[in-house]
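Colleague: What follows is a single structure, and I will ask about it in a moment.
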Amino acid sequence: MKVKVVLNEQHTLLDNQKELISNKFGDQWEIFSVPAAGWNRKEIGEVAKKLANDTVVFASPIPLLLGTLAHEQGSGHSEGLQVLLLHNDKREKKELPTGKVISVVAKTGWELIPIQ
């Protein structure tokens, strides 16, 4: 089974995310790097074809790719395709040097959610 973790090249996985993925898939996963500038619509179609028989975990959001693969999975056209998302409901408050308080996604509390 091939497990591809879709991740923008400017992002990194948190330790909690790596642990979650490894607990589910062992060492059978790899990063599928997304260029910082992203892909155009045609390129996303080509990427979707490459991933059509893999297990795909979205760590970085690429809405058109996610929609395309979820549709392929739901239609049954791509045997072996499984689409999952890394999700976290938890937020932490962080104070910036200016005194402004913002909310950021927590480093722990991540879940792998299968798209069905």
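The values are calculated or read from the model by the stated rules, or taken from the named source; none is laboratory data. Keep in mind the model is a prediction, meaning the values are calculated, not measured. All Cβ positions, even for glycine, are placed from backbone atoms using ideal geometry, and neighbour counts span all protein chains on display.
Colleague: Just need a number here: residues in the stretch 83-102 that are out of contact with any Ser or Thr (no Cβ under 9 Å at 6 or more places or on another chain) and either among the basic types (Lys, Arg) or surrounded by fewer than 10 Cβ atoms within 10 Å (Cβ to Cβ) (or both).
Modeller: Selection size over the stretch 83-102: 8.
Colleague: In this structure, is GLN17 exposed (fewer than 13 other Cβ atoms within 10 Å of the Cβ) and of a type in the set (S, T, N, Q)?
Modeller: Values: exposed (fewer than 13 other Cβ atoms within 10 Å of the Cβ): no; of a type in the set (S, T, N, Q): yes.
For GLN17, the condition - exposed (fewer than 13 other Cβ atoms within 10 Å of the Cβ) and of a type in the set (S, T, N, Q) - is not met.
Colleague: Quick check, is SER60 within 16 Å of GLU111 (Cα to Cα), surrounded by 15 or more Cβ atoms within 10 Å (Cβ to Cβ) and not acidic (Asp, Glu)?
Modeller: Working: within 16 Å of GLU111 (Cα to Cα): yes; surrounded by 15 or more Cβ atoms within 10 Å (Cβ to Cβ): yes; not acidic (Asp, Glu): yes.
So SER60 fits the description; yes.
Colleague: Moving on to the next point. Filtering the stretch 81-116 down to residues that are of a type in the set (Gly, Ala, Ser) and out of contact with any strand residue (DSSP E or B) (no Cβ under 8 Å at 6 or more places or on another chain), which residue is nearest to LYS24 (Cα to Cα)?
Modeller: We begin by selecting, within the stretch 81-116, every residue of a type in the set (Gly, Ala, Ser); these are 99, 103, 106, 109.
Then drop every residue that is not out of contact with any strand residue (DSSP E or B) (no Cβ under 8 Å at 6 or more places or on another chain), which leaves 99, 109.
Details: GLY99: 40, GLY109: 15 Å.
Residue satisfying both the conditions and the ranking: GLY109.
Colleague: Follow-up. Answer yes or no: is there a residue in the stretch 79-92 that is within 16 Å of the chain's Cα centre (by Cα) and small (Gly, Ala, Ser). Spell out how you get there, then give the answer.
Modeller: The initial filter retains those residues of the stretch 79-92 that are within 16 Å of the chain's Cα centre (by Cα), namely 81-89.
Next, only the ones that are small (Gly, Ala, Ser) stay: none.
There is no residue in the stretch 79-92 that is within 16 Å of the chain's Cα centre (by Cα) and small (Gly, Ala, Ser).
Colleague: Let me ask something else. Only one of (1) modelled with pLDDT under 95; (2) over 13 Å from the mean Cα position of the chain (by Cα); (3) under 20 Å from THR108 (Cα atoms) fails for ALA36. Which number is that?
Modeller: (3)
Colleague: Out of the residues in the stretch 1-14 that are modelled with pLDDT of 95 or more and touching an Asp or Glu at 6+ places or on another chain (Cβ under 8 Å), which is surrounded by the most Cβ atoms within 10 Å (Cβ to Cβ)?
Modeller: So, considering only residues that are modelled with pLDDT of 95 or more and touching an Asp or Glu at 6+ places or on another chain (Cβ under 8 Å), the one surrounded by the most Cβ atoms within 10 Å (Cβ to Cβ) is VAL5.
Colleague: For the stretch 78-108, which residues satisfy the criterion of being in contact with a Lys or Arg (Cβ under 8 Å, 6 or more places away or on another chain), outside any strand (DSSP E or B) and modelled with pLDDT of 90 or more?
Modeller: Across the stretch 78-108, the qualifying residue is only THR108.
Colleague: Continuing with this model, one more query. Please tell me if LYS49 is free of Cβ contacts under 8 Å to residues at least 12 places away in the same chain, part of a helix (DSSP H, G or I) and farther than 21 Å from GLY109 by Cβ.
Modeller: Working: free of Cβ contacts under 8 Å to residues at least 12 places away in the same chain: yes; part of a helix (DSSP H, G or I): yes; farther than 21 Å from GLY109 by Cβ: yes.
Criteria met by LYS49.
Colleague: Six or more apart or on different chains, Cβ atoms under 8 Å: show the pairs whose first residue is in the stretch 22-42 and touching a residue at least 60 places away in the same chain (Cβ under 8 Å) and whose second is of a type outside the set (Lys, Arg) and not in a loop (DSSP other than H, G, I, E, B).
Modeller: LYS24/LEU112
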